[in-house]
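Before any comments, here is the structure.
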Amino acid sequence: MKLGILLFCVLLTAAVVGIWLIRRRNRDILPDDMEGHEFERYCAELLEGNGFQEVEVTKGSGDYGVDILAEKDGITYAIQCKRYTGPVGVAAVQQAYAGRDYYDRMVGAVLTNQYFTAPAVEAARKLKILLWDRGYMEGMMEEQRGG
């Protein structure tokens with residue numbers, strides 16, 4: 001009886017640790033459960049790890065639709081970060097567009113852990129805003145890991 005209880009406790013502990021490790025690994029894959037400001041800081045670190053310089057997270061309110069200012073290879077960027085649970089729409093593209101001009105940056109971009117709606121893609125094409133979606137973010141994370 002005691003051996004059965006001990007075995008049950010060992011298996012239960014292994015299951016809990018396994019679930020914790022899977023959740024931690026998945027969090028390392030994509031930051032889906034972060035809050036907004038935490039996600040912005042995470043994106044800033046991700047950009048730095050991928051060769052961006054002078055990476056600055058803007059103040060929370062009154063940022064004119066831009067969360068991060070950065071530079072890479074002589075090109076300046078205004079980046080809107082969106083940690084969403086569903087597709088990112090046109091409003092994010094409009095924010096990046098306005099913020100790009102406000103901060104006098106060469107390129108505006110939206111970086112998200114999700115994907116974009118068709119209208120957002122169309123607006124970005126017309127407004128010349130880069131869309132960095134979930135797949136792009138995964139690629140940056142892989143690059144940062146050296147993979």
What is the spin-label model distance, in nm, from residue 41 to residue 144 if the labels are put 7 Å beyond Cα along the C-beta direction?
1.3 nm
Length gain on complete extension for the stretch residue 134 to residue 75, per 0.36 nm per residue less the alpha carbon to alpha carbon distance?
19.0 nm
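Say R0 is 22 Å: what FRET efficiency, to the nearest 0.05, do residue 122 and residue 85 get from their beta-carbon distance?
Numbers: r = 22 Å, r/R0 = 1.02.
According to the calculation, E is roughly 0.45.
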Which FRET efficiency value, to the nearest 0.05, is calculated for residue 48 and residue 106 with the Förster distance at 22 angstrom and r the Cβ-Cβ distance?
0.75
Any chance you could look up the accessible area of residue 85 with a 1.4 Å probe, heavy atoms only, rounded to 10 Å²?
130 Å²
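The values are calculated or read from the model by the stated rules, or taken from the named source; none is laboratory data. Only a predicted model underlies this, so the values are computations on that prediction, with no experimental measurement involved. Please note: Cβ atoms are built from the backbone with ideal geometry, for glycine as well, and neighbour counts cover all protein chains shown. The area values use the complete protein model at the heavy-atom level, side chains included, leaving out ligands, DNA and RNA. Shrake-Rupley method; radii C 1.70, N 1.55, O 1.52, S 1.80 Å.
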